[in-house]
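Let me begin by presenting the structure, written as structure tokens, before commenting on it.
The values are calculated or read from the model by the stated rules, or taken from the named source; none is laboratory data. Here the structure is a predicted model, which is why all the values come from computation and not from measurement. Here the Cβ positions follow ideal geometry from the backbone for every residue, glycine too, while neighbour counts run over all protein chains shown.
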Amino acid sequence: MKHPDEMTCLLYVERQLDRARALEVSAHTQECEVCRTLLRALERESRLLTRAMLEEEEPLPARIESFGERVRRSMQWVWMLAFGLAATTLYALYTGYIQPLQDRLEQAGFGGTNLLGLLVFQGSFWKGWQSMISLVEALAMLTLIGSVVLVLRRRLRRGSAMALVLAGLCAALAAAPPSGATEFRKGQTPTVAKGETIHSDIFLSGERVSVDGTVDGDVYAFGQSVDVSGHVLGDVIMFAQTARVSGQVDGNIRGFDNNLTVTGTIGKNLTEFCQTLTFDKGGKAGGSITTFAQSVTIDGQIGRDILWYGQDLNVTGSVGGALQGKGETLEIASTASIGGQVHFEGKSAPAVAQGAKLAFPVQFTKHVEKPHEWGRSSIFWQVVLMAAFVLYGLVLISLMPQFARETVHSAENIGASLGLGILVFFGVLIGSIIVAVTVVGLFIGVSTFFVWMISVYAAQIVVGALIGQWLMGRTNELWPLIGRMTVGVIVIRAVTMVPHGGWVKFGVILWGLGAISIAIYRRFQPSARMAVAPVGPATPLPAMTTVGGGPAL
Amino acid sequence: MNAPGTTETEEIIARAKAGDAEAWGELYRQYAGAIFRFCRRALPTREDAEDATMEVFVKVREKLVQYDATRPFTAWLYKVAANHCWDLLRRRKIRQDKETEDLDNLPLEHPDPDQLEQLIEQRTGEEVRKALDKLGTRARMALVLRYYSDMSYDEIADALGVRRAFVGVVLLRARHELRQALEGTSALAAGGTS
């Protein structure tokens, strides 16, 4: 009789034989004492091995016992570190971008009324909203945030929850809902009729918006054309293709328009982003003008300063304060008068007509196009920005390690990422503006825009991590991934410093943005797990059993 | 060690996954002993095992978000530990195993069953552990994965980077090495009846 070999016997004991072979062995062992003894010995050998390995012959070392506690504490430090790094990043961005701009504005004589201050901190954009937050509303907001955190707490890390609460609080403070006292008017031609008086803020949205009456509050106007011919005691915030102010606005005007014509009176300041700004002869502004406009004509009276970034500026009227501008051409007509300093940076010297009344000689700085500034300061800030990006990436990857891996994985599909990136880059931007213009979706529009901005910055992190993986090998672990991201970001920043590197940067942004979009899309897809059990070998017979009989041993 | 899959353990794992430091501490207390013993069996020295245990838990903390809660936690934990220990051994380039995937070297005949039974009956757990220390790296790792961690042949193949069909060969050779170490001779491994 041929005995099964030891390998077969072991596989039989381990239940690894296919059914047919197991039946053969089982039948054989019914008749063969030697093989039964061998199977029993192999089984006992298995049990001896298991028992010997499981025996606790030595106590757990003290340093292992204390290690758990150290790790537990370190988990709290990780988040402190992450928030610290986030703060450092913000500081770096502030010192890199905002502070230099503030300094320049300060030097230009716009101290205290700089652009950022005008737009955000001192502006009336939030005025009338903050004051409307009642205690009940604040408590309701806090309760809502708390509920969301409670619901999501199982899915969020503690630090993430903290970040969520902070973000929620910021959102609640920054964009409190308008009070019920605010009036809304929508339609094709929303109007405040002549003789009508509104004693609150008013939102007007439609194709042709007109304010012919009196508004004792702020006006928020969104439309193809906006015409303010009445009297607004507060501020005017408007988004329009064509805007015209022929009436009286006691407060400020903030506008995002294609063209704006002012023939009326603005009590305070004008901040305008547009293609063409015309301040007609009858137009008056008590305060300053800050504008980013391609073409500006100042024929009226400006009480204080003008800050202008654009292409062409033509001054024929009077400016009480200083004029600071950067563009291509500046023309000062003989009828013009400027009470403060004039500083112009452009391609050609300003054309100042004889007879123009200038308190100070014009200071001109010829703008020379430099392919790239390789100065010491530039490199310093590049390094600071590089560090800021790395820190930003570190925080993002630490907060969302799994999502970061998925995003980097998505970026490997370059074609799809770039294609979707182009769509998202332009689509979301345009979409958020459209949503904002529909008044009701203002908060959603602004929020979407901020998310879009964050994603644009994060895009470079994603591509950086992928490039790092290409250079240093693939990884799924957190810190090695962060290390690769660091290397990749350094490479990207270095490449974008060379002439025409901006296009590379733009491509990287599109690529990364697409990868983020793909990862988000996949997140929202239902899990596509296989419903069918994996096919494996036929289940072997249990060891130590015989076919048609009792136990073999 | 708590049985995997119990509601309490699942709750702790879920909390640890969500970043709860207390739950993490509890998880560590529950499983640190088991992982230390695993590393102790798989690695050459006690110091190696201590270091590896801590490194394994650092990895576990990082990878916990990837853990699929529908599968037994201990199996996943041992897989992380096995991969770590095997990587460690590989990096040290101390894989001096004689094993190849050549089946020709295998003895196909029976060992003497009575002699094998006698050898097993006389041995204590301590003697077996000492004998394990004398085994080649892969042989020892294979036995630990199979008889300590209760891994399937597929999981062992994955951890050791060998074909599944070769796992039985590795295990049988490991047993032969163990018997030799226990006996001090190769009689059992080579001798046999037919």
Next item on the list: All but one of (1) modelled with pLDDT under 90; (2) under 19 Å from A:Ser295 (Cα atoms) hold for A:Asp201, so report the exception by its number.
Entry: (2)
Checklist line | Boolean, B:Gly25 is out of contact with any helix residue (DSSP H, G or I) (no Cβ under 8 Å at 6 or more places or on another chain), part of a helix (DSSP H, G or I) and facing chain A (nearest Cβ under 9 Å) | finding: no
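Condition check ((1) closer than 29 Å to B:Ala42 by Cβ; (2) within 7 Å of chain B (Cβ to nearest Cβ); (3) at pLDDT below 90) across all residues:
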position	(1), (2), (3)
A:His3	no, yes, yes
A:Leu10	yes, yes, no
A:Ala27	no, no, no
A:Leu42	yes, no, no
A:Arg47	yes, no, no
A:Arg63	yes, yes, yes
A:Gly68	yes, yes, yes
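Of these, A:Thr278, A:Thr297, A:Thr261, which one is modelled with pLDDT of 90 or more, part of a strand (DSSP E or B), among the polar types (S, T, N, Q) and more than 21 Å from A:Gly339 (Cα to Cα)?
Result: A:Thr261 is the single residue among A:Thr278, A:Thr297, A:Thr261 that is modelled with pLDDT of 90 or more, part of a strand (DSSP E or B), among the polar types (S, T, N, Q) and more than 21 Å from A:Gly339 (Cα to Cα).
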Notebook entry, point to check: Among the candidates B:Ala69, B:Ala14, which residue alone is more than 10 Å from chain A (Cβ to nearest Cβ), of a type in the set (A, V, I, L, M, F, W, C) and surrounded by fewer than 17 Cβ atoms within 10 Å (Cβ to Cβ)?
Noted result: B:Ala69
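Which of the residues belonging to region B:147-166 are part of a helix (DSSP H, G or I), within 13 Å of the chain's Cα centre (by Cα) and at the interface with chain A (Cβ under 9 Å from one of its Cβ atoms)?
Within region B:147-166, the first condition is being part of a helix (DSSP H, G or I), and the residues that meet it are B:147, B:153-160, B:164-166.
Checking the rest, the ones that are also within 13 Å of the chain's Cα centre (by Cα) come to B:147, B:153, B:155-160.
Answer for region B:147-166, where residues must be part of a helix (DSSP H, G or I), within 13 Å of the chain's Cα centre (by Cα) and at the interface with chain A (Cβ under 9 Å from one of its Cβ atoms): B:Tyr147, B:Tyr153.
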Next item on the list: State whether one or more residues within region B:82-103 are at pLDDT below 80, exposed (fewer than 15 other Cβ atoms within 10 Å of the Cβ), in a helix (DSSP H, G or I) and of a type in the set (Val, Ile, Thr).
Entry: no
Item checked: Scope region B:44-66; condition farther than 22 Å from B:Asp20 by Cα and surrounded by fewer than 19 Cβ atoms within 10 Å (Cβ to Cβ); matching residues -> B:Pro44, B:Thr45, B:Arg46, B:Glu47, B:Asp48, B:Asp51
Note to self: Just to check your reading of the model, which residue among A:Arg244, A:Arg254, A:Arg304 is under 24 Å from A:Thr197 (Cβ atoms) and more than 32 Å from the chain's Cα centre (by Cα)?
What the structure shows: A:Arg244
Notebook entry, point to check: Between residues in region A:470-494 that are assigned by TED's automatic domain parsing to the domain that holds A:Gln402 and residues that are among the hydroxyl-bearing types (Ser, Thr, Tyr), which pairs lie under 8 Å by C-beta distance while being six or more apart or on different chains?
Noted result: A:Leu478/A:Ser398; A:Leu481/A:Thr475; A:Ile482/A:Ser398; A:Arg484/A:Thr475
Note to self: I'd like the residue in region A:177-198 that is farther than 15 Å from A:Ser210 by Cβ and part of a loop (DSSP other than H, G, I, E, B) and, out of all such residues, is modelled with the highest pLDDT.
What the structure shows: A:Thr182
Check: Residues of region A:30-39 being at the interface with another protein chain (Cβ under 7 Å from one of its Cβ atoms) and either more than 22 Å from B:Ala174 (Cβ to Cβ) or touching a residue at least 24 places away in the same chain (Cβ under 8 Å) (or both), which ones?
Finding: A:Val34, A:Leu38
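The rows are residues; the columns are (1) touching a helix residue (DSSP H, G or I) at 6+ places or on another chain (Cβ under 8 Å); (2) outside the structural domain of B:Pro72 (by TED's automatic domain parsing); (3) modelled with pLDDT under 90; (4) under 24 Å from B:Pro72 (Cα atoms).
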| position | (1), (2), (3), (4) |
| --- | --- |
| B:Val144 | yes, yes, no, yes |
| B:Ser152 | no, yes, no, yes |
| B:Glu155 | yes, yes, no, yes |
| B:Ala159 | yes, yes, yes, yes |
| B:Val162 | yes, yes, yes, yes |
| B:Val169 | yes, yes, no, no |
| B:Arg173 | yes, yes, no, no |
| B:Leu182 | yes, yes, yes, no |
| B:Thr185 | no, yes, yes, no |
Checklist line | Answer residue from region B:114-146, given it is within 9 Å of chain A (Cβ to nearest Cβ), farther than 27 Å from A:Arg36 by Cβ and touching a residue at least 24 places away in the same chain (Cβ under 8 Å) and is surrounded by the fewest Cβ atoms within 10 Å (Cβ to Cβ) among those | finding: B:Arg129
Next item on the list: Output the number of residues of region B:36-66 satisfying the condition of being more than 9 Å from every other protein chain (Cβ to nearest Cβ), aliphatic (A, V, I, L, M) and within 20 Å of B:Ala142 (Cβ to Cβ).
Entry: 4
Margin query: Let me confirm something: among A:Val463, A:Val451, which residue is in a helix (DSSP H, G or I) and modelled with pLDDT under 85?
Written below: A:Val451
Notebook entry, point to check: Could we say that A:Glu331 is assigned by TED's automatic domain parsing to the domain that holds A:Thr278, modelled with pLDDT under 90 and of a type in the set (Asp, Glu) here?
Noted result: no
Check: How many residues, within region A:219-237, are assigned to a loop (DSSP other than H, G, I, E, B) and crowded, with 24+ Cβ neighbours inside 10 Å?
Finding: 2
